[in-house]
Amino acid sequence: MLEFQNLYEDLFELEEAMDKYEFIMEYGTTASSVQEFERNSNDLIKGCTSSLWVKYSNSQFTCQADSAIVKGLAGMICDWYNQATNTQRQSFSINTLTDIGLAPLLSMGRQNGVNNLINTMKVLETGEA
Amino acid sequence: MRNRFPFFKEHPDLTYLDSAATSQTLDTVITDTGTFLTYKANAHRSGHSMGAFIDEKYHTAKEKIGEWLGITDPQDRIVFNSGATQGLYDAIQLATRRQDDFSVFVGGDFHHSLTLPFHSTGYNHCHYIKLTESGVLDLSDLEATLREDQSEVKIIAVTAVGNVTGTINDLERIRFIAGQYNAITIVDACQSMGKIHHNYEGFDFVAWSWHKVYGPSGLGCLMIDPKWLEKAPVHPGGGSVSAVSYLHETYLTNAQKFESGTPNLQAIFTLPNLLNWLIRNQSNILAHDKALAVVANDLCENNPYASQTGLITMVPQHGTIEDFTMLLDAKNIMIRGGNLCAEPLVRNISVNKGLLRVSWGAYTTKEELELAFTAIKEADARISKFV
């Protein structure tokens, strides 16, 4: 069973917050869900302080962002979601990020953005289903 | 001066460099807020001794502002409000109400609060005054457009110090030019109050917020030329009148006529002691600010303008504003980034990327600036690997 903790355990071994962010940025360059696509306003996640675009097709999420950190974070979430079981997807929320220690890296405004991302992903998934 | 700000004792691990957005708070402001809340009463017309005590503080606050700014009639000239945004809105309403033939000349370094209220006023023409290469208002551009303008009434709205540029506009010259055209003048003094010395006499309206001057949030001032006391208030209501009948009203004759409703007494109560500190330390504060501008200019790279006071901005070389603010936040360094409520100018300067802004106050040290600019360079190096 896929565990978020296992997927990103390297991140949490890093003590320096800047190193954690660098890990996230690096993840964004290799994440399978980070893909080039035509950015349009329909795919823009509302409520993010930084621009983030997410698409859903063939049961897979892909994402793009201007910010290297946001791209890495969104890539982590989309990668995890793409591999998760239905049960894991249903229980996934902003609290999952809090449980694994990612929340301190996100200011309240950015937690709102991540929350919007998760909610949008669930809506997109339901819409396609 | 730093030891008068409890924030730094409480949070020695934080480097606060967002003072242009809001300053940290002087110790007396914190103490006086508590004193007010444990002896809370309303000002004006209370008739009891607690109310009289608050009344005295209210009037003392205005007298102290007068002493600080060098004006002799503060009860007629100082209007308390919720902040500079309200002050500028009210000024623009007073200046444009019942005018149907007027043009507006707004400084190109405007904060949104200085220009948005004009959008619905029905002006003939709105000219944005160009900036020189050094980031101050190009007053030859202002003069040229004033000369050509045919409107009966001309309104000049400028910032004393740009919240993007950190440069000082020539208010003396602007006052002179305005006088030649009998123009109405509105000054946004948010970034100049408590940082540099300006003579604000001779302007129709000068607005600022106290939360940027080591004071309380939710309180601002609009300094008005006494001639505007002849106008009816923008927000008529209780507290603005001396007499009311079923059909008529008589407004107060001093600046209180523009303060309908209960003012933010909790905040006003803190001003006398804050102003004592500002008056006593004025020369030190101004010298310290100037010295930090020199340090910032030496350390900063990719800044569109050399700072003269209070703040410096820079265009990120790699990545986005969010990347930088998050990475610096990871080092407990608080800086601001984005459009800085001056979107047209920031978009032009940064080619739509936004700007990073480092800003300081009387409590900021040279070492904090060095720490921040070192961190910005480190962040840039880390981001550059992935973009």
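Side notes on the structure shown:
- Looking only at the range A:57-69, and only at residues there that are farther than 15 Å from A:Leu11 by Cα and within 14 Å of chain B (Cβ to nearest Cβ), the one that is surrounded by the most Cβ atoms within 10 Å (Cβ to Cβ): A:Ala68
- Considering only residues in the range B:313-348 that are within 12 Å of chain A (Cβ to nearest Cβ), β-branched (Val, Ile, Thr) and not in a strand (DSSP E or B), the one that is farthest from B:Ala293 (Cα to Cα) turns out to be B:Thr320.
- Boolean, B:Lys57 is in contact with a strand residue (DSSP E or B) (Cβ under 8 Å, 6 or more places away or on another chain), in a helix (DSSP H, G or I) and assigned by TED's automatic domain parsing to the domain that holds B:Asn163: no
- Hey, B:Lys377 touching a Pro at 6+ places or on another chain (Cβ under 7 Å) and within 14 Å of chain A (Cβ to nearest Cβ) or not: no
- The lone criterion from (1) in contact with a strand residue (DSSP E or B) (Cβ under 8 Å, 6 or more places away or on another chain); (2) surrounded by 21 or more Cβ atoms within 10 Å (Cβ to Cβ); (3) more than 14 Å from every other protein chain (Cβ to nearest Cβ) left unmet by B:Ala362 is number (1).
- Restricting the range A:25-56 to residues that are modelled with pLDDT of 90 or more and at the interface with chain B (Cβ under 9 Å from one of its Cβ atoms), the residue that is nearest to B:Leu340 (Cα to Cα) is A:Met25.
- Complete set of residues in the range B:23-50 that are assigned to a loop (DSSP other than H, G, I, E, B) and surrounded by 14 or more Cβ atoms within 10 Å (Cβ to Cβ): B:Ser23, B:Gln24, B:Thr25, B:Leu26, B:Ala41, B:Asn42, B:Ala43, B:His44, B:Ser46
- Whichever residue in the range B:349-359 is over 18 Å from the mean Cα position of the chain (by Cα) and not in a loop (DSSP other than H, G, I, E, B) and, among such residues, is farthest from the other protein chains (Cβ to nearest Cβ): B:Ile349
- In the range A:73-89, the qualifying residues are those that are hydroxyl-bearing (Ser, Thr, Tyr) and assigned to a helix (DSSP H, G or I), and the one that is surrounded by the most Cβ atoms within 10 Å (Cβ to Cβ) is A:Tyr81.
- Of all residues in the range B:98-141, exactly one satisfies the criterion of being in contact (Cβ under 8 Å) with a residue 40 or more places away in the chain and at positive phi, namely B:Gly135.
- B:Ile349 meets each of the listed conditions (1) within 23 Å of B:Phe8 (Cα to Cα); (2) modelled with pLDDT under 95 apart from (1).
- Residues that are on the phi < 0 side of the Ramachandran plot and in contact with a Phe, Trp or Tyr (Cβ under 7 Å, 6 or more places away or on another chain) occur at least once in the range B:351-358.
- Selection from the range A:104-129 of residues that are within 21 Å of A:Gln64 (Cα to Cα) and modelled with pLDDT under 80: A:Leu105, A:Leu106, A:Ser107, A:Gly109, A:Arg110, A:Gln111, A:Asn112, A:Gly113, A:Gly127, A:Glu128
- Residue selection: B:Ala381 satisfies the criterion of being farther than 23 Å from B:Phe7 by Cβ and modelled with pLDDT of 95 or more.
- Against the list (1) more than 30 Å from B:Asp225 (Cβ to Cβ); (2) crowded, with 24+ Cβ neighbours inside 10 Å; (3) polar (S, T, N, Q), the condition B:Asn302 fails is (2).
The values are calculated or read from the model by the stated rules, or taken from the named source; none is laboratory data. A quick note: this is a predicted structure, and the numbers were derived from the prediction, not measured. Positions of Cβ are generated from backbone atoms using ideal geometry, with glycine treated the same way; all protein chains shown enter the neighbour counts.
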